[in-house]
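None of the figures in this text is laboratory data; all of them are computed from the coordinates on show. Here the structure is a predicted model, which is why all the values come from computation and not from measurement. Positions of Cβ are backbone-derived with ideal geometry, glycine not excepted, and every protein chain shown enters the neighbour counts.
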Amino acid sequence: MSRDNRGLVTVALFHSMFGLRLVELAAAEDLRAAGHRVVSPDLFAGAVAAEHGSIPTLDDGFALMERIGWETITARARAAIHDLPADTVLGGFSMGAGVVGSLWPDRLSAAAVFLLHATAPVPEGVPAGIPVQVHVAGGDRFAPPHELAVFRASAGRAGADASVHIYPDVGHFYSDPALPDHDAIATEGTWRHVHTMLENLR
């Protein structure tokens, strides 16, 4: 089980197409400070978009992701969580939400899932009432209405306790303080909901 005799919850947190950066590392540390066990695999083996302190663009991220290849990315993710408890919570930033979507059908016992800046369908066979959260910017092209509709429909079929949190007037990657998209209020709200969900698993 992801919850041991001290009430620890195990969380696997997957990074965006910009690579494993401070935003994900800081989020992992924040979750650890709240008393959870967190792994944040580096799916790009050290590579990051727009190195040397420059601000990465979407084109930088897509180029890096395509260079590494989706098959390699998901294979690294599977290997990274292979020995974690079956009910490990799955979380992801942007591309990381897609990684969660790829792994989830083989990790149906996950105790909870949270998806930031993108979404993924809920597979059938998950535990009834599993908490699932989606957090996206309003009007985000990476979380268009039809994808949100697919998420809601799949969550309904699977019997998940799903919630969609939409933050208006913010950019796609609003949780990253290093990017122009950043919005402190939306970020605080996102993590408050995630922390509450994880606390309820104890």
In the range 81-98, is there at least one residue being under 28 Å from R202 (Cα atoms), more than 13 Å from the chain's Cα centre (by Cα), aliphatic (A, V, I, L, M) and in a loop (DSSP other than H, G, I, E, B)?
-> yes
Quick check, is A155 surrounded by 14 or more Cβ atoms within 10 Å (Cβ to Cβ) and within 16 Å of S16 (Cβ to Cβ)?
-> no
Within the range 121-136, restricting attention to residues that are under 14 Å from V150 (Cα atoms) and out of contact with any strand residue (DSSP E or B) (no Cβ under 8 Å at 6 or more places or on another chain), which residue is surrounded by the fewest Cβ atoms within 10 Å (Cβ to Cβ)?
-> E124
Of the residues in the range 33-70, how many are part of a helix (DSSP H, G or I) and more than 30 Å from L198 (Cα to Cα)?
-> 9
Does at least one position in the range 1-9 carry a residue that is within 22 Å of R192 (Cα to Cα), surrounded by 20 or more Cβ atoms within 10 Å (Cβ to Cβ), among the aliphatic types (A, V, I, L, M) and under 16 Å from the mean Cα position of the chain (by Cα)?
-> yes
Report the residue count in the range 64-106 for those that are more than 22 Å from A143 (Cβ to Cβ) and not hydroxyl-bearing (S, T, Y).
-> 17
The number of residues in the range 138-156 that are touching a His at 6+ places or on another chain (Cβ under 9 Å) and within 15 Å of F114 (Cα to Cα) is 1
Residue among V122, V170 that alone is among the aliphatic types (A, V, I, L, M), part of a loop (DSSP other than H, G, I, E, B) and under 21 Å from M17 (Cβ atoms) | V170
Taking the range 173-200 and the residues there that are touching a helix residue (DSSP H, G or I) at 6+ places or on another chain (Cβ under 9 Å) and part of a helix (DSSP H, G or I), the one that is surrounded by the fewest Cβ atoms within 10 Å (Cβ to Cβ) would be H195
Just name the residue that is nearest to the chain's Cα centre (by Cα) out of those in the range 40-63 that are under 17 Å from A97 (Cα atoms) and not aromatic (F, W, Y).
-> S40
Would a scan of the range 37-48 turn up a residue that is polar (S, T, N, Q) and in contact with a Leu (Cβ under 8 Å, 6 or more places away or on another chain)?
-> yes
Might you let me know whether the range 107-114 holds any residue that is over 25 Å from P144 (Cβ atoms), under 15 Å from the mean Cα position of the chain (by Cα), among the polar types (S, T, N, Q) and surrounded by fewer than 24 Cβ atoms within 10 Å (Cβ to Cβ)?
-> no
